[in-house]
Amino acid sequence: MNEIESKKLILKHYEESIKYIDSLKGIANNCWIAPIEKSKWSVCEIVGHLIPWDKFILEKRLPYLLIPNSVLVKPNVQQMNSRAAFESLNMMKEEVIKQFSQTRLKLVNEMKKIPAEEFNKVFSIGASVLTVAEYFNGLIEHDLHHFQQINVFLYKFDGMEH
């Protein structure tokens, strides 16, 4: 796949993800905050944890991805996820969805500014060496993993007695 197609597919996912999360506005509040499985996060926490990751990409990745020999910091994943999950539970559903949409849209707009040929550029995070496209495709896999979890949960939840 060439870099133009790669960029288009990546942007398409990010734009579609906003629509997908926006579609969750209609789920019942008890469904929004119920764990998707025993000892797992709720839909609220799943969506909520995506917000700081998008902010991290905006602030700590995009500005440095295209600068040769940049030292990219690794975040404390557990700390970031835990804090985001906790904070999202203390917000209204509409606010979590709104924050996700606004942050993801900022990310989409910044990604659009990256020339397509830069999507084949190689960079490193610690010992990992990858292209910009591979980096974003990894993030897309992360999104899709969580969206699948949400879909399975909503399907099961819908079949339960309320």
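In table form, for the structure just shown:
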| read-out | value |
| --- | --- |
| Members of region 81-117 that are surrounded by 16 or more Cβ atoms within 10 Å (Cβ to Cβ), among the charged types (D, E, K, R) and farther than 13 Å from residue 51 by Cα | 93 |
| Single residue of 105, 144, 50, 66 found to be modelled with pLDDT under 95 and among the hydrophobic types (A, V, I, L, M, F, W, C) | 66 |
| Test: residue in region 145-152 that is in a helix (DSSP H, G or I), within 24 Å of residue 5 (Cα to Cα) and not basic (Lys, Arg) | yes |
| Some residue of region 80-100 being in contact (Cβ under 8 Å) with a residue 24 or more places away in the chain, in contact with a strand residue (DSSP E or B) (Cβ under 9 Å, 6 or more places away or on another chain), more than 18 Å from residue 12 (Cβ to Cβ) and among the basic types (Lys, Arg) | no |
| Among residues of region 111-131, those that are aliphatic (A, V, I, L, M), in a helix (DSSP H, G or I) and in contact with a Ser or Thr (Cβ under 9 Å, 6 or more places away or on another chain), counted | 1 |
| Residue under evaluation residue 78, criteria (1) surrounded by fewer than 11 Cβ atoms within 10 Å (Cβ to Cβ); (2) not in a helix (DSSP H, G or I), criterion not met | (2) |
| Qualifying residues in region 1-28 (those that are at pLDDT below 95 and among the polar types (S, T, N, Q)) - the one nearest to residue 119 (Cα to Cα) | 6 |
| Residues within region 1-27 that are of a type in the set (A, V, I, L, M, F, W, C) and more than 16 Å from the chain's Cα centre (by Cα), tallied | 3 |
| Residue check for residue 17: part of a helix (DSSP H, G or I), free of Cβ contacts under 8 Å to residues at least 12 places away in the same chain and under 15 Å from residue 96 (Cβ atoms) | no |
| Yes/no for residue 108 being closer than 24 Å to residue 1 by Cβ, over 17 Å from the mean Cα position of the chain (by Cα) and not in a loop (DSSP other than H, G, I, E, B) | no |
| Any hit, region 46-56, residues being touching a Lys or Arg at 6+ places or on another chain (Cβ under 6 Å) and acidic (Asp, Glu) | yes |
| The one condition in (1) surrounded by 13 or more Cβ atoms within 10 Å (Cβ to Cβ); (2) not in a helix (DSSP H, G or I) that residue 58 fails to fulfil | (2) |
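Listed here are the residues, each with its yes/no results for (1) aromatic (Phe, Trp, Tyr); (2) over 16 Å from the mean Cα position of the chain (by Cα).
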{"residue": "47", "(1), (2)": "no, no"}
{"residue": "86", "(1), (2)": "yes, yes"}
{"residue": "102", "(1), (2)": "no, no"}
{"residue": "121", "(1), (2)": "no, yes"}
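The values are calculated or read from the model by the stated rules, or taken from the named source; none is laboratory data. Model, not experiment: these values are computed from the prediction. Counting neighbours? That spans all protein chains shown, and the Cβs are built from the backbone with ideal geometry, glycine included.
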